[in-house]
1. Need one number: nm distance between label points at S15 and T144, each 7 Å from Cα along Cα→Cβ, rounded to one decimal.
2. Rounded to whole Hz and in sequence order, give me ³J(HN,Hα) for region 10-24 from the Karplus expression 6.51 cos²θ - 1.76 cosθ + 1.60, θ = phi - 60°, writing x for Gly and Pro.
3. Counting Lys and Arg as +1 and Asp and Glu as -1, what is the net charge of the other residues whose Cβ lies under 13 Å from the Cβ of T64?
4. Calculate the FRET efficiency for E99 and S46 from the Cβ-Cβ distance with a Förster distance of 25 Å, rounded to the nearest 0.05.
5. Explain nothing, just compute: Karplus ³J(HN,Hα) = 6.51 cos²θ - 1.76 cosθ + 1.60, θ = phi - 60°, for every residue of region 28-41 in order, whole Hz, x for Gly and Pro.
6. Straight-line reach from K73: which lysines have Cα under 18 Å away, leaving out those fewer than 8 places along the same chain?
7. Which of the trypsin sites (Lys or Arg not before Pro) found in region 97-135 are in a DSSP loop and have at most 15 neighbouring Cβ atoms, other than their own, within 10 Å?
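Values quoted throughout were computed directly from the atomic coordinates according to the rules given, and no laboratory measurement underlies them. Note that the structure is predicted; figures quoted are calculated from it, not measured. Here the Cβ positions follow ideal geometry from the backbone for every residue, glycine too, while neighbour counts run over all protein chains shown.
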Amino acid sequence: MRSEQEVNRAIERYSDTIRRLCMVHLKNYADTEDIFQTVFLKYVLSSVSFENEEHEKAWLIRVTINACKDLLKSFFRSHIVSLDEIMEQPALLPPDHREVLEAVLSLPQKYRDVVYLHYYEDYTAPQISQILGKNVNTIYTLLTRSRQMLREKLGGDEYD
């Protein structure tokens with residue numbers, strides 16, 4: 001079990017990343033908070049010894065992605081309708097930013113993950129391949145295909 005200081009440091013350092021990653025996957029604030037707590041509970045109880053901060057961050061990202069996938073596959077999740085889907089939220093983002101975000105969120109999950117890690121977390125393809133446990137060339141292919149999909153959805157080359 002980790003010390004309180006170590007846990008507080010990790011929460012300060014990685015909370016934004018974990019929340020953003022959850023929102024990309026779950027598109028729901030309440031579920032994001034649940035997974036956030038689950039991830040850091042696993043962190044507290046984990047006996048994994050991290051080589052450095054990047055290893056620690058990669059571990060937290062992997063645990064977050066897995067927890068989001070587990071929640072999305074759960075029986076309960078597949079048999080409910082979110083209030084967010086029922087009620088339209090006012091647009092808090094400028095229309096062009098909202099359009100890009102909606103396009104990214106509409107991508108299939110395997111593309112969404114690499115786009116998020118590459119463009120929002122500034123990971124390189126080799127780093128993403130380690131985090132996701134995929135071949136580097138697969139990551140390059142996923143990035144290329146996701147860019148093409150976004151180009152088609154957004155109508156042109158203006159977002160390159």
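1. Taking the two extended label points, one gets 4.1 nm.
2. Values, residue by residue: 5, 5, 4, 6, 10, 4, 4, 4, 5, 5, 4, 4, 5, 5, 4 Hz.
3. On the way: positive: R19, R20, K42, K57, R62, K69; negative: D16, D31, E33, D34, E56, D70, D113, E121.
That sum, taken over residues with Cβ under 13 Å, equals -2.
4. Working: r = 39 Å, r/R0 = 1.57.
The computed FRET efficiency comes out at 0.05.
5. 8, 5, 5, 5, 4, 5, 4, 5, 4, 5, 4, 4, 6, 5
6. K27, K110
7. Numbers: sites: R98, K110, R112, K134; in loops: K134.
The qualifying sites: there are none.
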